[in-house]
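One structure is given below, encoded as structure tokens.
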């Protein structure tokens, strides 16, 4: 067993809550081990692997935790997105099981062109958990408001769509004895109203924590100064992305967020469609929501981006302009974070010279 473990060069791991499936091969790709471990057995087995051994896992729940522990052992832990693993499952979609998934992960990790998910730190995951809880509270608050509206509608009480309108009249509606609300319905609405206010307080606490994270993080402070990226977006992006230098360009960062158009091109004919919507839905939503605020207030500013945005909105409409602004903000954010410079709203980018344009310059003119 020890000799077999010493020959392991790459291992694919399918994670679960209680059991972990391992598929290990040697440097030549020959099968060495197929085994199911309990959680405590798996870590003990990894401790005896050779230093530098590649251990690949799907980027799923607890994957970042395991990756950090394996990296501390000197192993080369890597995470792969699930949609990149599926094509390497030999049994296809109809043969999905733990052993087949582990074998597919092991095979996918051997591809030279495979793209891996960066391992998040404990601090990053802590901030992202704050954002996830805030999103859950927001959804719960919306559901609570809709429940109150539904109960009131059954008694002929209909109010405006804005939560502010409903909040302003709800206390009077509960106390008004002239309406058709029964005693039980009043108690239900009173309890739901208290729950609504409690959720609002939880949301305010989350917002305060987000603001504290931005104020204590220099990278988040730089991001928050970009037009269309507030504190919430800056906190989410810096925690969700981590090192922006993992992307080669702003275009690659935008593609990772899913705000670039789909392509169906062939034979030199370029056909672009809607945005891909790949990557993290939450981060993309933050960018687009921030872009909407920038579009709605573009006519109140006089910087180059705002003038461009106002002209674009008049030409193609505000919805497409919001997506274009979100893509532009992603590229700006990548430049700000990788160069570690503050955001300058009056900066005008210069398109880099191509090789052909440089060759056309007379020899007497020095090329910078």
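The values are calculated or read from the model by the stated rules, or taken from the named source; none is laboratory data. Only a predicted model underlies this, so the values are computations on that prediction, with no experimental measurement involved. Here Cβ is always computed from backbone atoms with ideal geometry, including for glycine, and neighbour counts include all displayed protein chains.
Just a few scattered comments:
- Tally, over the range 225-252, of residues that are surrounded by fewer than 24 Cβ atoms within 10 Å (Cβ to Cβ) and either outside the structural domain of residue 298 (by TED's automatic domain parsing) or under 17 Å from the mean Cα position of the chain (by Cα) (or both): 14
- Conditions (1) assigned to a helix (DSSP H, G or I); (2) surrounded by fewer than 20 Cβ atoms within 10 Å (Cβ to Cβ): number failed by residue 262: (1)
- Among the conditions (1) touching a helix residue (DSSP H, G or I) at 6+ places or on another chain (Cβ under 7 Å); (2) within 28 Å of residue 253 (Cα to Cα); (3) free of Cβ contacts under 8 Å to residues at least 12 places away in the same chain, the only one that residue 112 does not satisfy is (1).
- Members of the range 305-317 that are crowded, with 16+ Cβ neighbours inside 10 Å and either touching a residue at least 24 places away in the same chain (Cβ under 8 Å) or part of a loop (DSSP other than H, G, I, E, B) (or both): 305, 306
- Conditions (1) in a helix (DSSP H, G or I); (2) more than 23 Å from residue 127 (Cβ to Cβ): number failed by residue 273: (1)
- Among residues of the range 118-158 being surrounded by fewer than 17 Cβ atoms within 10 Å (Cβ to Cβ) and not in a helix (DSSP H, G or I), the one that is nearest to the chain's Cα centre (by Cα) is 118.
- Some residue of the range 338-356 being at pLDDT below 95, in a helix (DSSP H, G or I) and in contact with a helix residue (DSSP H, G or I) (Cβ under 6 Å, 6 or more places away or on another chain): yes
- From 197, 215, residue being exposed (fewer than 15 other Cβ atoms within 10 Å of the Cβ), within 29 Å of residue 131 (Cα to Cα) and over 26 Å from the mean Cα position of the chain (by Cα): 197
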